[in-house]
Amino acid sequence: MQDVLEFMKTRRSIRKFKSDMIDDDTLNKIIEAGTYAANGRNMQSPIIIAVTNKEMRDRISKMNAEIMGSNSDPFYGAPVILIVLADKSKPTAIYDGSLVMGNLMLAAHSLGVGSCWIHRAKEEFETAQGKEILKQLGIKGEYEGIAHCALGYPDGDYPDVIPRKENRVFYIK
């Protein structure tokens, strides 16, 4: 348990990645951790799209940047993007998808891989282009984009752990 707590305390968002690809075994372990996230009534509504193809990664990056109103890469050069979506019909979809993201980032950190939560998946997969990507993958149903998990090896120093703010926990005994 101590290792899990230590990883929770030391994980930080990485905003500059090396171009080195994550090996399949490591990537599959990270993805597997995402599939074990807690979820409402064990409905397991979230799905994960693993993007390792550079052309598709760059296409999704461009979509995301346009939504953000920017020309820069919103994924900070990460070579892998895990996109988490969840079934819109499930009442806990957003929460379940968020827990998947937490597991992905924590597992990545424990395996020496950097990560960063990137928004705008919701907007991406509401577009015709986003819906076409799902269709090409054979994904049926109504899914809402929850987030992207940018993954790669950190390029530079790992961010420092900043002190936690006080007065964030209240007890009722």
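Tabulated values for the structure
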| item | result |
| --- | --- |
| Charge sum, other residues only, whose C-beta stays under 13 Å from Leu106's C-beta, Lys/Arg counted +1 and Asp/Glu -1 | +1 |
| Hull volume in cubic angstrom per residue (convex hull over the Cα atoms of the range 115-173) | 196 Å³ |
| Using alpha carbons only: equivalent-ellipsoid semi-axes of the range 53-98, gyration tensor based, whole Å | 25, 13, 9 |
| In sequence order, calculated HN-Hα J values of the range 124-140 (Karplus, 6.51, -1.76, 1.60; Hz; x Gly/Pro) | 4, 8, 8, 7, 4, 5, x, 5, 5, 4, 4, 4, 4, 7, x, 8, 9 |
| Three-way shape label, the range 70-152, alpha-carbon gyration tensor, a/c 1.5 | oblate |
| Carbon plus sulfur fraction of accessible area for the chain, probe 1.4 Å, in percent | 51 percent |
| Cβ charges +1 (Lys, Arg) and -1 (Asp, Glu), total dipole of the chain, debye | 560 debye |
| Alpha-carbon radius of gyration plus Dmax, which is the widest Cα pair, for the range 1-111 in Å | 14.9, 43 |
| In Hz, Karplus ³J(HN,Hα) per residue of the range 78-87 (6.51, -1.76, 1.60; θ = phi - 60°; x = Gly, Pro) | 4, x, 10, 10, 9, 9, 9, 10, 9, 4 |
| Farthest positive-ward along the chain dipole, Cα basis, beta-carbon charges - from Tyr153, Ser70, Ile133 | Ser70 |
| Additional length obtainable on full extension of the chain from Asn28 to Asn53, 0.36 nm per residue less Cα span | 7.5 nm |
| Sparsely packed GluC sites (Glu not before Pro) within the range 86-173, loop by DSSP, other Cβ within 10 Å at most 16 | Glu126, Glu142, Glu166 |
| Karplus-derived 3J(HN,Hα), 6.51/-1.76/1.60, for each residue of the range 113-120, Hz, glycine and proline x | 10, x, 8, 7, 6, 10, 7, 6 |
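The values are calculated or read from the model by the stated rules, or taken from the named source; none is laboratory data. Note that the structure is predicted; figures quoted are calculated from it, not measured. For neighbour counting, all protein chains shown are included, and Cβ atoms are generated from backbone atoms with ideal geometry for every residue, glycine included. When the accessible area is computed, the model is the full protein with side chains, heavy atoms only, and any ligands, DNA or RNA have been set aside. Shrake-Rupley method; radii C 1.70, N 1.55, O 1.52, S 1.80 Å.
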